[in-house]
1. As a test of the formula, what do you get for the chain when each DSSP H run with n ≥ 4 contributes -39,500 (n - 2.57) and the sum is divided by the residue count, at 222 nm and rounded to the nearest 500 deg cm²/dmol?
2. Using +1 at the C-beta of Lys and Arg and -1 at the C-beta of Asp and Glu, which of L197, L157, S26 has the Cα lying farthest in the positive direction of the dipole of the range 2-230?
3. What does the net charge come to around D78 if you take all other residues with beta carbon closer than 13 Å to its beta carbon, with K and R at +1 and D and E at -1?
4. Step through the residues of the range 63-68 one at a time and calculate ³J(HN,Hα) from phi using the Karplus curve (6.51 cos²θ - 1.76 cosθ + 1.60, θ = phi - 60°), rounding each to whole Hz and writing x for Gly and Pro.
5. Might you report the magnitude of the Cβ-based charge dipole of the range 315-380 about its Cα centre, with Lys and Arg at +1 and Asp and Glu at -1, to the nearest 20 debye?
6. Mind giving me the nanometre distance, one decimal, between the label points for Y230 and N329, set 7 Å out from Cα along Cα→Cβ?
7. Determine the relative contact order of the range 315-380: mean sequence separation of Cα pairs under 8 Å and six or more apart, normalised by residue count, in whole percent.
8. Run the quick spin-label model on V337 and Y285: label points 7 Å from Cα toward the beta carbon, then report their separation in nm to one decimal.
Amino acid sequence: MERNIDNYYLAGFVLIIFACLIYFTSFLDIIIRPILQPFLMGSSKGKDVLYFGIFGLFLIFSRFGEKHNINWFNKSNDFYLKLSFVIMIFLGSVGILTEIYIRLSMNLPLDTTLVIVEPKMTSTSILHSHVLKSIFGAIVVMFIPNIPSGIHVGNSLAPYIPDIVKAIFILVPVLFITMIKSMENRTIFPKLLMIALFSLGIIGIMDGGLFSTPAVAGWYCMLIIMYNEYLIDHISPLLSRNTDKESLKRENNGIDSGKSLFETIKHDLSLFKAEFFSGRKVKHYFKIMLPHLILFIFLVLRFSFIFAIANTAYYEVNILEPKDSIDLNNYGVISVVHSTDRDIYRLNPDYNEMVLLNSLDRSLNQKCRAYTISWNAYSYL
């Protein structure tokens, strides 16, 4: 038993040291970045550091809580799982509402990506919100003023965020704690799955918001554990044989500890099949399919929304408090309207949205207070 506990601690400390190594060096970036990019929705040095650091902390603190039987409110791990889900959805919703508030207060369209230019470029949108990231970044720079150039904290957005939202940020560390409590006293496969995907989820809810891929991975995992944990308990037989508690559970299920790995896997698959087909009622199968049905509906609505509101006729760029030196003629200007505090450009729609956004970052750097660009999801096809 002690050897396995030490393994959790050891793995956690190794991952934290690895995160520090990524932070202070650059030679690992070319290896780590392509691996994590699909999961972190545009991996960056900061996200890489956070992922391995949070993963390590989850391993250490979840095992520590199990070992010392820490349960302040005498609640089950399922209670903390449901509480984590509620907090995560709430934080994501706050991020969306804040995005709407910022645009309305600046008299800007809602279906746009907003880029704060001064003092440092920071982008955000309803579909990929950096509201919580900017608050986190503002806190980080208070303690670590010299952030490496490869890490973008996004604190330029913080002055535009209402104080009540900054106060709500306290729920992020609360979410971290409830996630840890929800992982405790579970068999090894569900626990490791939760650690891996919850690490994505807590990063995603800050850097990307409710609609981001890592945040979706986090709340989708929560739903799977809520409704399907008894099914996935029978996966990873090799790992689950490493703890006394789980060995006893497996013996009670009729598993001979002397069996080969192939025989053990075969037995586990038969248990999985028996569990899956154990009931014939619609309610039973609906419970199994509910997490996946929710994910499917969410993805359909998300992509339907972004394609429905896409502006394919032109890109509209609102430039707030522009300086006289702005020249966007290279982007195929269709029309331009000048007003007291802003210029509104309509540009050629043939650009890829992300390419245009990155190019405008260079063209408008230090030449305005902020600007927006309309969405065109079709440009990615």
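Readers should treat all values here as calculations from the given coordinates under stated rules, not as data from a laboratory. Worth saying up front: this structure is predicted, and the values here are computed from it rather than measured. As a convention, Cβ positions derive from the backbone with ideal geometry for all residues, glycine included, and neighbour counts pool all protein chains shown.
1. Details: 14 runs with 227 residues, N = 381.
Estimated from H runs of four or more residues: -20000 deg cm²/dmol.
2. Positive-most Cα among the choices belongs to L197.
3. +2
4. Going residue by residue, I get 6, 4, x, 5, 5, 9 Hz, with x marking Gly and Pro.
5. Values: 6 positive and 9 negative charges, 18 e Å.
Dipole magnitude for the range 315-380 comes out near 80 debye.
6. 7.2
7. On the way: 100 pairs, mean separation 31.4, N = 66.
In percent, rounded to a whole number, it is 48.
8. 5.5
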